[in-house]
Amino acid sequence: MKHGKKFNHLKRKAGHRKALLRNLSAALIEHKRINTTLAKAKALRQYMEPLITKAKDNNTHARRMVFRALGNKEAVTELFGPIAAKVGDRPGGYLRVIKTGFRRSDSAEMAMIEFVDFNELYEPNKGQSGGGSRRRRRRGGSGSGGGQNEGGDTAATAATAATAAAASSAASEEEE
């Protein structure tokens with residue numbers, strides 16, 4: 001029976017799982033973004049979030065506890081240095097997992113895991129003002145005539161054009 005076993009064992013023994021999470025953590029701290037399977041990314045997020053919270057409290061005990069979990073001196077130094085400084089005011093949710101599709105060889109679901117504060121390109125709420133731009137969907141019933149997507153195609157084209165224009169303007173601002 002599987003009562004009380006909440007975390008993903010990743011089909012590995014305890015020692016192998018511990019080594020895997022340590023190595024993935026060190027790679028994530030070093031590179032700020034890594035690609036792995038979705039299951040490993042979710043397990044890594046669950047493993048790393050408490051360590052990042054401990055890193056915000058910079059004292060000897062916290063460093064020793066994080067070193068015990070990571071086992072990599074350079075990763076601990078990096079975590080307590082620039083990473084802790086950048087995530088200092090965030091109350092949690094330091095990592096973002098984005099699904100990237102399926103691996104070609106075995107169709108495993110892949111994901112990219114990254115630090116939220118270290119990706120300046122992806123800011124989903126940056127251009128939005130407070131709640132005024134909600135997307136509306138047609139529920140049907142009061143449309144015109146027999147066509148299913150008569151008005152929907154032009155709206156989708158306009159939305160795509162607006163997104164492309166926003167991306168090109170952001171790229172031109174970045175070049176300047």
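The values are calculated or read from the model by the stated rules, or taken from the named source; none is laboratory data. Fair warning: this is a prediction, and the values are worked out from it, not measured in the lab. A quick note on method: Cβ atoms are made from the backbone with ideal geometry, for glycine too, and the neighbour counts reach across all protein chains shown. Note: areas computed on protein heavy atoms with side chains; ligands, DNA, RNA excluded. Shrake-Rupley method; radii C 1.70, N 1.55, O 1.52, S 1.80 Å.
Miscellaneous remarks
- Computed from the Cβ-Cβ distance with R0 of 25 Å, the FRET efficiency linking Thr100 to Lys18 stands at 0.45.
- Under 5 Å between amide hydrogens, built in the peptide plane, is the criterion, and for Thr100 it picks out Met110, Ala111, Met112 among residues at least 5 positions away or on other chains.
- Accessible area ranking (1.4 Å probe, heavy atoms, ligands and nucleic acids excluded), largest first, for Tyr122, Tyr94, Tyr47: Tyr122, Tyr47, Tyr94.
- Shown for region 17-96 is the translational diffusion coefficient from the Stokes-Einstein equation, using the Kirkwood radius over Cα pairs, a temperature of 10 °C and a viscosity of 1.306 mPa s: 127 µm²/s.
- Note on surface exposure: Ile34, Ile98 rank Ile98, Ile34 by accessible area, highest first, 1.4 Å probe.
- Prolate/oblate/rounded call for region 6-141, Cα gyration tensor, a/c under 1.5 rounded: oblate
- Distance from region 56-110 to region 9-40 (C-alpha centre basis), Å: 11
- Residues in region 48-78 that a label on Lys6 would reach, taking backbone N under 16 Å of a point 7 Å out along Cα→Cβ: 48-51
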